[in-house]
Amino acid sequence: MAGIYIHIPFCKQACYYCNFHFSTVLSYKEKLVSAIAKELFLRKEELAGEKIETVYFGGGTPSLLNEKELNLLLEALYAHYDLSEVKEFTLEANPDDVKNAFLKMLSTTPINRLSMGIQSFEEDHLKLMNRAHSANEAIYCVDRAKQFGIEKISIDLIYGIPGMSMATWQNNLQKALNLPIDHISSYCLTVESQTVFGKYKERNKLILPEDEETSNQFLELINQTQKFGFDHYEISNFGKPDSYALHNTNYWKGKSYLGAGPGAHSYYPGTRMWNVSNNQSYMKALDAGILPLEKEILSKKDMFNETIMTGLRTMWGVNLLEIEEKFGLEYLITLRQDLAEYILSGYVVETKEAFILSKEGRFLADGIASSAFRTN
Ligand SMILES: C[S@@+](CC[C@H](N)C(=O)[O-])C[C@H]1O[C@@H](n2cnc3c(N)ncnc32)[C@H](O)[C@@H]1O
Ligand code: SF4
């Protein structure tokens, strides 16, 4: 079974932290959506004979799609792929788009999961980050989506925001956990150089919290979500036991997915592909019937490093048998040696089946993973 990701590269306005691929010029949205539909048609053989398990509309802002555009994409998906057994159909939505008319439109589609970019319930944070919605909209969009029968609701929250105190973070978590949601994705603010925050930082105009503060906020996130019955199943993801994000879990487990739209990545075991990250070049290529795709064949070393990185970040850890079967016994032996000091100090636990990060180890996930990377 495989997944399909569709990238909608448009946003109303640019959030000051965001480095994803999007444009704020919406005038050619319909033309670009037609190009994505064409891409889905041209690439149908890649997943011929495969059943699609998950579909994910990401962005950018997929909730900017109107009925005609969304239906064009759904028609292309159903016409060219086997969606007879889809389990999860997600759309990323921004709170200011989640109005009654939008939800009514969704209720006529197979979309059964919304991932809402709330980020914070504090007006000051939303303004600082140049979000397009208000704190009130952040709260009401979830209740409204539930009333319209959306089965699964996930929200995104950011911590480590400049000026965020522990008390405001706790308040954000309480508000979130009292909503009818089954999943939270929560990331520590990262400042990328090409963003507005990146420029502020360069000019010393952005005072970021100390590592100790963000670690404490992460700990609070782990503890509070646990109290409300959420499992910490991936470093940045928390879900009720029957509500883990299937599409993303399949990424982390190395399953195949096709990514359509500008900047979208695709993965088939051993091969990664990606579309050009430029809306005009993307449309021009598809107009001419050309796929603007680049391809990289992953080496054994790259595949191993990726398996370690993604596996360690999940609660299932890095599976010992899988390492031995895919890469050979020598890889498993050196992996055990590389992780030995972390096992001794209690950051990594070796069970019969896997190497898994302990609660303390989750604070050092990236460092632990990179110490086990192979260079050849
Ligand atoms: C691709 S964005 C799309 C979501 C949607 N457009 C929105 O803004 O609500 C997915 C999520 O990544 C997170 N994110 C993006 N850039 C980030 C950054 N620099 N630091 C931390 N989190 C970030 C945000 O939580 C965001 O909701
Ligand atoms: S966070 Fe979401 S809405 Fe904001 S610029 Fe990035 S993709 Fe667009």
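Read-outs throughout are calculated quantities, based only on the coordinates presented, and are distinct from any laboratory measurement. If you're wondering where the values come from, they're calculated on a predicted model, not measured in any experiment. Using ideal geometry, Cβ is built from the backbone for each residue, glycine included, and neighbour counts are taken over all protein chains shown.
Listed values, structure above:
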item	result
Inter-site label distance for Glu67 and Lys44 at 7 Å from Cα along Cβ, in nm	2.6 nm
Over 31 Å (Cα to Cα) - which of Lys199/Lys240; Lys295/Lys359; Lys87/Lys175; Lys240/Lys295; Lys38/Lys199; Lys51/Lys301 fall in this group	Lys199/Lys240; Lys295/Lys359; Lys240/Lys295; Lys38/Lys199
Whole-Hz couplings from phi, Karplus 6.51/-1.76/1.60, listed for region 143-149; x for Gly and Pro	4, 5, 4, 5, 4, 7, x
Formal net charge of residues neighbouring Gly270 (Cβ-Cβ distance under 13 Å; K, R +1; D, E -1)	+3
Amide H partners (placed H, <5 Å) of Ala354, local residues excluded	Leu320
Unpartnered cysteines - no second Cys beta carbon under 4.7 Å - across the chain	Cys11, Cys141, Cys188
Theoretical ellipticity at 222 nm over the chain - DSSP helices of four or more residues, -39500 (n - 2.57) apiece, nearest 500	-12000 deg cm²/dmol
Added length on full extension, which subtracts the Cα-Cα distance from 0.36 nm per residue, Asp302 to Asn216	27.7 nm
Semi-axis lengths, Å, region 300-371, gyration tensor of Cα atoms, sqrt of 5 times eigenvalues	18, 12, 11
Shape call, region 244-376: gyration tensor on alpha carbons, a/c limit 1.5	prolate
Proximal aspartates and glutamates relative to Lys99, as straight alpha-carbon distance under 12 Å, when same-chain residues fewer than 8 apart are discounted	Glu137, Asp143
Amide hydrogen neighbours beyond the local backbone of Ile155, cut-off 5 Å, H modeled	Met116, His183, Ile184, Ser185
FRET efficiency for Ala340 and Asn100, using Cβ-Cβ distance with R0 set to 56 Å, rounded to 0.05	0.45
Added length on full extension, which subtracts the Cα-Cα distance from 0.36 nm per residue, Ile290 to Glu151	46.2 nm
Rounded, prolate or oblate (a/c below 1.5 giving rounded, otherwise prolate when a/b exceeds b/c) for region 7-106 by Cα gyration tensor	prolate
Contact order normalised by residue count of region 2-252, Cα under 8 Å, 6+ apart, percent	18 percent
Enclosed volume per residue, in Å³, of the convex hull spanned by Cα atoms of region 145-272	161 Å³
Taking Thr54, Thr24, Thr195 and counting other C-beta atoms within 10 Å, the order from fewest to most	Thr24, Thr195, Thr54
Asp82-Lys127 FRET efficiency (beta carbon distance; Förster radius 51 Å; 0.05 resolution)	0.65
Fraction in percent of alpha-carbon pairs per bin - 20 Å, the chain	26, 59, 14
